[in-house]
Every structure is written in structure tokens, then in C-alpha cells.
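Trainee: Structure provided below as C-alpha cells; questions to follow.
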């Protein structure tokens with residue numbers, strides 16, 4: 001899953017004109033898995049290689065059950081996800097394929113008059129949840145925001161909190177990391193990374209691999225003293241053409257070859273497009289309040305790597321991602337580079 005998520009994120013980052021986006025690798029993985037279940041041998045091989053799926057059906061079903069159970073709805077967690085194959089009126093899904101994808105919750109299948117094609121793939125995911133501990137409303141401050149090389153480009157509303165936190169440092173990336181729990185009992189984790197020693201974040205991404213992801217999780221240490229954490233309050237929305245990205249990742253026959261989707265529907269589905277719309281709201285609200293103490297003075301032993309210092313102030317471009325705490329599955333990934341208020 002990490003291997004797919006890293007490849008997926010790199011392709012989106014390379015195509016992004018402003019390096020400001022949000023996406024869901026998990027949602028795309030599930031949709032492609034659903035299409036693979038009805039693909040011909042050639043296309044299935046392309047998709048299984050990309051998704052790292054085994055040919056054994058029972059093992060795949062175990063993966064699907066695990067993957068589709070990562071998104072839960074509770075009073076404090078609001079993640080709404082819809083994965084839809086929309087067939088044109090008159091196109092009928094293959095009953096055996098339909099049974100597999102619906103039983104495993106990979107895709108919902110609907111029909112409607114499309115007119116221009118046999119089918120389209122529509123994917124939406126919206127996130128708005130409570131932190132485990134809140135950022136005090138009284139500590140939200142309009143603050144400068146800088147580009148990769150330190151030029152002032154605008155302003156953001158920084159949410160600030162002083163607390164014991166988990167931070168880490170990845171030497172290979174020269175990246176400073178922060179982990180914050182979300183929801184009751186930290187059901188999810190939001191991971192943030194900044195690159196204070198790099199003038200090109202996209203270049204730094206070039207050496208990221210699934211092994212680096214594991215290194216990130218292993219790098220976190222609990223601070224021994226309260227540290228200052230500041231993040232921009234934001235709402236970010238993206239609509240991304242996933243078809244072209246997936247073609248870049250080597251899956252080309254799914255869209256144009258009738259044989260590729262002849263086991264999905266009759267006539268073959270031949271999806272003409274695959275669009276993902278994702279939104280993410282980051283606000284200060286949390287389940288529990290936190291004291292507004294003072295951060296320890298610089299030089300105070302923190303128990304953290306020296307490169308981390310004793311704060312995490314996201315006042316320049318940064319990456320972040322939402323992970324399920326139980327399995328560490330990456331549900332959403334994002335980059336923030338465009339300030340709320342332009343300079």
C-alpha cells in the first residue's frame with residue numbers, strides 16, 4: 001500500500017502547478033482493485049502489479065476487508081467517501097463482477113444517461129474531524145507565510161498550541177516531522193513534514209520510498225517538555241484527473257481496449273474518465289482542551305533529535321497525510337504551499 005501511495009503522490013506532486021492539493025491514495029487503490037476484478041488478463045496484470053495485489057482471491061478479499069474498514073464515521077470523525085462506477089443507460093453490469101465489488105465494498109455501481117461514453121468513474125472524499133486535543137481559539141493569529149526559499153508570499157491564520165508532542169527528523173530527507181492524534185483515543189494520526197534545509201520540496205520527494213515511510217514512523221519521539229506547534233487553519237479542495245495519472249503509472253489498456261472491461265459490463269464499460277474530488281478542513285476544534293503553557297526555552301533538553309529543536313511552526317510549504325492509527329494505512333495526502341491571504 002505504501003509503495004502505491006508513494007508512487008501516486010509523486011506523480012500528483014510533479015503535475016501540480018502550485019504544489020497545493022489533497023488526494024486519497026486509499027480511495028484510488030480500492031477503485032482500481034474493483035476494476036481489476038473484472039479486467040482481462042493483460043489489464044489485470046497491469047493493475048495487480050501497480051496495486052501489489054496477489055492473484056489468490058481469498059488473500060485479496062482479506063486485504064479488501066482490511067482496507068475498506070479504515071474509514072469510520074463517529075461523532076468526532078467525519079470522513080465521507082463515495083466510489084462510483086457510473087454506467088450509461090443500457091449498459092448492464094456483469095452479475096458475477098458486480099457481486100464481488102459490492103460484497104467487498106470496493107465500488108458502488110449506478111446507471112444514468114451519460115451519452116458520451118459507456119461509463120465514468122467518480123470518486124469523492126471529504127474530511128472534517130476533531131483533533132484529540134484542541135488548538136485554543138484565543139491563540140489563532142494572522143501570521144506571515146513564506147515560500148521554499150524564505151520569501152514572504154502571504155499570510156495564514158496560524159493555530160497555536162504548547163504541548164507535549166511527538167516529533168522526529170529524517171536525515172535522508174532533511175525533514176522535520178510532527179505527529180498529532182485525531183479523534184477519541186487517537187483513532188487517526190495526522191503527520192506533517194517540513195524541509196527547512198531544502199529549497200526544493202519536490203526534489204526532496206524524489207528519494208522517498210516505502211522504506212522511508214517506515215523510517216518516518218520510527219523517527220518519532222515524545223518530547224520531555226512542552227513544545228510550540230503552529231499550523232495554518234485551512235480548507236483545501238482538489239479535483240484531479242486520475243485517468244492521466246494512472247496512465248503515467250503504466251495502466252493504459254483500461255480505457256481504450258474493449259477486452260479490458262468486457263467482464264465488468266455488457267457492452268464493455270470502457271470508462272472515459274476517472275475524476276477524484278477531495279476536500280480537507282483543518283480547524284482548531286478538538287475533543288479535549290489543553291493548557292496554554294509556555295514552551296521550554298531553547299537549549300532545554302527536549303528528548304528530541306537536535307535538528308528538531310523545540311517547535312514545529314508550519315509557516316512555509318509543508319506536506320501532511322492522514323493515517324489510520326491501527327494499520328498505518330494512508331487515507332489522505334496533501335501539500336500546502338498557497339497562503340490563505342496572498343501578499
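FYI, it's all coordinate maths here, none of it is from the lab. As the structure is a computational prediction, the values presented were derived from the model and not from experiment. Neighbour counts are summed over all protein chains in view; Cβ atoms, including those assigned to glycine, are modelled from backbone coordinates with ideal geometry.
Trainee: Where q = 0.06, 0.13, 0.15 Å⁻¹, what log10 of I(q)/I(0) comes from the Debye formula for the chain, counting one point per Cα?
Mentor: The computed values of log10 I(q)/I(0) come out as -0.24, -0.99, -1.24.
Trainee: Given the Cα-Cα distance of residue 108 and residue 247 and 0.36 nm per residue of separation, how much length would full extension add, in nm?
Mentor: Between residue 108 and residue 247, full extension yields an extra 47.8 nm.
Trainee: Given the rule -39500 (n - 2.57) for each run of at least 4 DSSP H residues, summed and divided by the residues of the chain, what is its mean residue ellipticity at 222 nm, to the nearest 500 deg cm²/dmol?
Mentor: On the way: 9 runs with 84 residues, N = 343.
Rounded to the nearest 500, the figure is -7000 deg cm²/dmol.
Trainee: Just how many % of Cα pairs in region 201-342 lie over 27 Å apart, if you round to the nearest whole percent?
Mentor: 45
Trainee: Take the Cα of residue 328, step 7 Å along the line toward its Cβ, and report every residue of region 208-228 whose backbone nitrogen sits under 20 Å from that point.
Mentor: 208-223
Trainee: Please list, by residue number, everything in region 303-343 whose backbone N is under 17 Å from a paramagnetic label point 7 Å out along Cα→Cβ of residue 149.
Mentor: Label zone hits: 316-317.
Trainee: How high is the relative contact order of region 85-173, in percent, counting Cα pairs under 8 Å that sit 6 or more residues apart? Working shown, then result.
Mentor: Numbers: 81 pairs, mean separation 20.6, N = 89.
After rounding, I find 23 percent.
Trainee: Could you please state, rounded to a whole Å, how far the C-alpha centre of region 151-219 is from the C-alpha centre of region 284-343?
Mentor: 7
Trainee: Just to be sure I understand the model, the point goes 7 Å from the Cα along the line to the Cβ. What's the resulting residue 294 to residue 266 distance in nm?
Mentor: 7.8
Trainee: What distance in nm lies between label points placed 7 Å from Cα along the C-beta direction at residue 45 and residue 137?
Mentor: Spacing of the two 7 Å Cα→Cβ label points: 6.0 nm.
Trainee: Compute the length gained on full extension between residue 233 and residue 3: take 0.36 nm times their separation in residues and subtract their Cα-Cα distance, giving the result in nm to one decimal. Walk me through the numbers on the way to the answer.
Mentor: Numbers: separation 230, 0.36 × 230 = 82.80 nm, distance 3.00 nm.
Result: 79.8 nm gained on full extension.
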